[in-house]
Amino acid sequence: MELLQAPDGDVVAEHRATLTYRIASVLFLALPGAAVLVLTARLPPGDDDRVPLAVCGAVLVALGVLAVLQQNKSRVVLRADGVERWGLRGKLWALRFSEMHELHYRVIKVRLGGVLGLLLPALGTNIHIAFTDPNGKKRKLPVNLKGMDTLAERISERQTAAHFPAARAKLDNHEQVQFGKSVALDKEKISVRKFFGGMKSCPLSEIEKFSVENGALRIRQRGKTFAFASVQTGRVPNIFLLLRLLDALLGQKPPGLGQDRDFSSQAYVG
């Protein structure tokens, strides 16, 4: 097992948890538990339901208080060379950008179902970020952090910058760079997993356009009516590294995170 080093660079930013989970804990755990305890206190001393209700109420209150305390301590510290995750037990884990072997990035916009979902703005946007270190261990960031969009942009840019030189060197040496099981890239072609298994390839010289639309990487091949491939970005590890490599190989200027590239897939409720 590879020994990993914790980041020790300057602190760039600190992102704490929003109030959402704390409010939910009070509303759905602490307050119902307190109501059960009040109800228990009004029961006759000999009532058989008194003890079970008291235990139930105490457990709900305790869980609510624990959740609030945990959220009070929940934060992510962004350093110049990596990320730290803090919680109720102190520092939970720390990882350098150079040791983030894979970055998993997914954006989900939550909307109302039906016609209203098309007319009204999204109820919220959840950004899911997870990492896999060289030992195969996965780490996740909470979705309820203040300034999550800014944090996601900074992490994506720095992780991509840390891994771009090695990936570009592999391509220049005519080696293949793998992006999970879905996509592979070399200096001559890009290969994408087919629906029923196996891979299909498109020469880079025949790529007419590639873009990210509605949470999917879409590649159009010159002279073809239909798109060569459409792959959900959430299924492609290091999606930003893949895009930067394609930009470099095809001579395009890399846009910023989110600029002309829509990583948001849709989830409907109601």
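Worth pointing out:
- Checked against the criterion of being surrounded by fewer than 16 Cβ atoms within 10 Å (Cβ to Cβ), on the phi > 0 side of the Ramachandran plot and not assigned by TED's automatic domain parsing to the domain that holds ALA216, the candidates GLY113, GLY136 yield just one match: GLY136.
Conditions tested, residue by residue: (1) at pLDDT below 95; (2) in contact with a Leu (Cβ under 8 Å, 6 or more places away or on another chain); (3) more than 25 Å from VAL107 (Cβ to Cβ).
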position	(1), (2), (3)
LYS170	no, no, yes
SER182	yes, no, no
MET199	yes, no, yes
ARG222	yes, no, yes
THR225	yes, no, yes
ALA248	yes, no, no
ARG261	yes, yes, no
SER265	yes, no, no
GLY270	yes, yes, no
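- Screening the candidates LEU204, LEU145 for the property of being farther than 14 Å from PHE240 by Cβ, touching a helix residue (DSSP H, G or I) at 6+ places or on another chain (Cβ under 9 Å) and buried (at least 19 other Cβ atoms within 10 Å of the Cβ) yields one hit, LEU145.
- Selection from region 195-245 of residues that are in contact with a Cys (Cβ under 7 Å, 6 or more places away or on another chain) and within 28 Å of ARG154 (Cβ to Cβ): ILE219
- Taking region 58-110 and the strands (runs of 3 or more DSSP E) fully enclosed by it, the elements with 3 or more residues that are touching a residue at least 24 places away in the same chain (Cβ under 8 Å) and more than 16 Å from THR150 (Cα to Cα) are at 90-96.
- Qualifying residue in region 32-48 (condition: charged (D, E, K, R) and at pLDDT 95 or above): no
The values are calculated or read from the model by the stated rules, or taken from the named source; none is laboratory data. Everything numeric here is computed off the predicted structure, so don't read it as measured data. Neighbour counts are summed over all protein chains in view; Cβ atoms, including those assigned to glycine, are modelled from backbone coordinates with ideal geometry.
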